[in-house]
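Each value in this text was obtained by applying a stated rule to the coordinates, not by laboratory testing. Not measured: the values here are computed from a predicted model. Cβ sites come from the backbone with ideal geometry, for glycine too, and all protein chains shown count toward neighbours.
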Amino acid sequence: MAKKKTEEKTVHRPADPNVMGLRGAVVEQPITRTLDENYMPYAMSVIVSRAIPEIDGFKPSHRKLLYTMYKMGLLTGGRTKSANIVGQTMRLNPHGDQAIYETMVRLAKGNESLLHPFVDSKGNFGKVYSRDMAYAASRYTEAKLAPICAELFRDLDCDAVDFVDNYDNTMKEPSLLPTTYPNVLVSANQGIAVGMASQICGFNLGEVCDTTIAFLKNPDHDISSTLLAPDFPTGGPIICDGDDLRSIYATGRGGLKVRARWRYDKSENVIEVYEIPYSTTIEVILDKVAELVKAGKVKEISDMRDETDLSGLKLAIDLKRGVDPDKLMAKLFRLTPLQDTVSCNFNILIAGMPRVMGVGEILTEWTAWRTDCVKRRVYYILSKKKEKLHLLQGLKRILLDIDKAIRIIRETEEESEVIPNLMIGFGIDQVQADAILAMQLRTLTRMNRDKIVAEHEELQRKIADYIDILAKPERQRKIIGDELDEIVAMKKDFKFRLLVDDAHGFGTMGKTGAGTPEHFGVIDGVDVLFNTFAKSMAGIGAFVSSEKYIVDYLRYNMRSQTYAKALPMPMVKGALKRLDMIRKHPEFKDNLWTIVHALQSGFRKRGFDIGGTLSPVTPVYMKGGVDEACNIVVDLRETYNLFC
């Protein structure tokens, strides 16, 4: 019988206290202490240094990348390989090269994630609206800073912001970028931290600047009157209630419905979707439609495919014979991400503390921060001017008696005694004496002496002006407003959006019944902008951009159930008849203002006083040539009030 093996006991030797290293041990402590000592530092690092944007609109990773590109001279120079940029950024950003490159991809023009990209890219940077359209490796792509980045770095060399050490204390980097406009509202931003998140939708740059200027002049300004709605790079009509939008502006929380934009090709019996909500992708839409077709919930589609190419996004939907495209799209809007909700959570770091703020609070914080940047810049310039004035004052004393200065220099035995003798002889300090000795004799001509005297007087005037700026907050606000005006003047390619008010029944699927505008946006390509931010105004504005003109829009809306009971039919017929005449006006395509005035005149002749101004909702633009489109904005506010 085999002997039973005895298990050998492992003997743990006591650790030598003289040996450095890790020693495993089980320590009992309250869970609250563990969270405080181990988890909280990680959570705060993610919140403060990674996921939540600050008042300049950037996360640390964005800021480090853009500052590195600025120091590389990529604001005015040519493009360089993305791999080179990533390598240089690693001196400031301790993360890996892939994380840095993905940051640059999102900021790039080619990815189309931002309304105003900060990186001018060349090569394949993927698309924000496609999950499977991968970006090329950094060794294949090139990039430089976009022109708008000049507004980020304008004051960087004027001590407008603080500089801090990088992770290994070998370089300095800015704690914030001194943006001259509220970039935090212009650039869309999304971040998930520990216990909180941030979701900031982008707004139109021109509207943000106009709103900020009005806010600087009047802190009680009605923000919704100038900041109409969010703007998305992927386009698409926005569907929301005016009260909901005002709630988002006030609290910083809420949601907006965004709908895809499409057109119907009758000859091919195909629906082409060319704009989708910002929060979804092509693949998600295709997968959902395929799922509905397999489940038998959508039987009108014979095929759906992605035809996106260099000209832009396009989803093609082949219809079966006899299918009404309007009703099909109404169903798809209800069942698929072709109509999706974009959440808003304006969570921003203010002095290192996360705060959820409304648009008004954000503008207040940005204005205070920007005012501090302007004051620091003015103080920096003032100190430089004072230094130069100090030198000119010493030089002016020398110029009053050049012969005495030459005699002092000539009679001095040691070179080291020249500066002390000049200081004693003219009552100047060492800095002034050094500057005088560094001058060349040919600069002591009478003409140069006159220039020095004139420059001295000019410096005194400028210094007095800078001191006045530092003493008067209203002048500081004027400087901020003037800089915003410059930005508005530079950017003319602002995007438009479409807005529908659910409170009036527009865009609400399946609630208003047949014959109502439930398939909004499909009226032969006519785009409509409902200006319903203030319900007391009951405003309706038409943004027309196709050959169907204003007539189809008015005929469609005036005869809808929403207004039919309030509109006397003779008035409607008279208005439509006049509009048909205007549509055939020979100057319709050539003279925008003639048509607008003719429209107003036609209403007035029939007893309808519609006012003499255009709608404030958006500027009037002529895009694509007169033969392709004529965009007209007509204010029918007073007409609606008269009818109702």
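Could you check how many percent of all C-alpha pairs in the stretch 188-286 are farther apart than 23 Å?
Tail fraction, whole percent: 41.
Cβ neighbours within 10 Å, averaged per peptide: list 246-254, 71-79 in order, most packed at the top.
246-254, 71-79
For the stretch 271-278, just list the computed ³J(HN,Hα) in residue order, Karplus coefficients 6.51, -1.76 and 1.60, θ = phi - 60°, integers in Hz, with x standing in for Gly and Pro.
Once θ is set to phi - 60°, the couplings for the stretch 271-278 become 9, 10, 8, 10, 9, 10, x, 5 Hz.
Report, as a whole number in µm² per second, the diffusion coefficient that Stokes-Einstein gives for the stretch 81-225 at 37 °C and 0.692 mPa s using the Kirkwood radius over alpha carbon pairs. Don't jump to the answer; show the numbers that get you there.
Details: Rh = 17.4 Å.
Here the translational diffusion coefficient equals 189 µm²/s.
For a quick protection proxy, order the peptides 264-277, 365-378 by their average other-Cβ count within 10 Å, most packed first.
365-378, 264-277
If the label point is 7 Å along Cα→Cβ of Asn124, which residues in the stretch 260-281 have backbone nitrogen under 19 Å from it?
Under cut-off, by backbone N: nothing.
Quick check: the distance between the Cα centres of the stretch 357-389 and the stretch 215-265, to the nearest angstrom?
Spelled out, the Cα-based centre of one part sits 30 Å from the other.
Quick one: if you stick a label point 7 Å off each Cα along the C-beta vector at Asp222 and Arg50, how many nm between them?
Using points 7 Å along Cα→Cβ, the separation is 4.5 nm.
Can you bin every Cα-Cα distance in the stretch 311-355 into 10 Å intervals starting at zero and give me the percent of pairs per bin, rounded to whole numbers?
That works out to 19, 29, 20, 15, 12, 5, 0, in percent per bin.
Provide the FRET efficiency to the nearest 0.05 for the Lys297-Asp318 pair, computing r from the beta carbons and using R0 = 22 Å.
Between Lys297 and Asp318 the formula returns 0.80.
Want the number for Val356 to Lys388: 0.36 nm per residue separation, take away the alpha-carbon distance, what's left?
Values: separation 32, 0.36 × 32 = 11.52 nm, distance 4.59 nm.
So the extension gain works out to 6.9 nm.
I want to check the label-to-label distance for Ser311 and Asp326. Put each point 7 Å from Cα in the C-beta direction and report it in nm to one decimal.
2.7 nm
Tell me the relative contact order for the stretch 378-498 as a rounded percent, counting alpha carbon contacts under 8 Å between residues six or more apart.
Computed value for the stretch 378-498: 33 percent relative contact order.
What residues have an amide H closer than 5 Å to that of Val194, excluding those fewer than 5 places away on the same chain, when H is modeled at 1.01 Å from N in the peptide plane?
Under 5 Å from the amide H of Val194: Ile47.
Give, as a single signed number, the net charge of other residues whose beta carbon lies under 14 Å from the beta carbon of Leu349, with Lys and Arg counted +1 and Asp and Glu -1.
Result for the local shell: 0.
Arrange the peptides 404-415, 388-399 so that the one whose residues have, on average, the most other Cβ atoms within 10 Å appears first.
The peptides rank, most packed first, as 388-399, 404-415.
Quick one: net charge of Thr103's neighbours, Cβ under 13 Å, K/R +1, D/E -1?
On the way: positive: Arg50, Lys59, Arg63, Lys64, Arg106; negative: Asp97, Glu102.
Surrounding charge for Thr103 is +3.
Once R0 is set to 45 Å, what does the formula 1/(1 + (r/R0)^6) return for the Cβ-Cβ distance between Arg131 and Glu474, expressed as a FRET efficiency to the nearest 0.05?
0.35
Can you give me the distance in nm between label points at Thr445 and Asp287, each placed 7 Å from the Cα along the Cα-to-Cβ direction?
So the label points at Thr445 and Asp287 sit 7.8 nm apart.
Give me the number: length gained by fully extending Arg334 to Ala99, i.e. 0.36 nm times residue separation minus the C-alpha to C-alpha distance, one decimal in nm. If you can, show how the numbers build up before the last one.
On the way: separation 235, 0.36 × 235 = 84.60 nm, distance 3.68 nm.
80.9 nm is the gain from fully extending Arg334 to Ala99.
Report the calculated FRET efficiency for Met423 and Val164 (r = Cβ-Cβ distance, R0 = 35 Å), to the nearest 0.05.
Calculated value: 0.30.
What is the gain in length, in nm to one decimal, between Glu415 and Ala464 on full extension, counting 0.36 nm per residue of separation less the C-alpha to C-alpha distance?
Result for the pair: 13.8 nm of gain on full extension.
What percentages make up the Cα-Cα pair-distance distribution of the stretch 218-261 when the bins are 5 Å wide from 0?
5, 20, 29, 23, 15, 5, 2, 1
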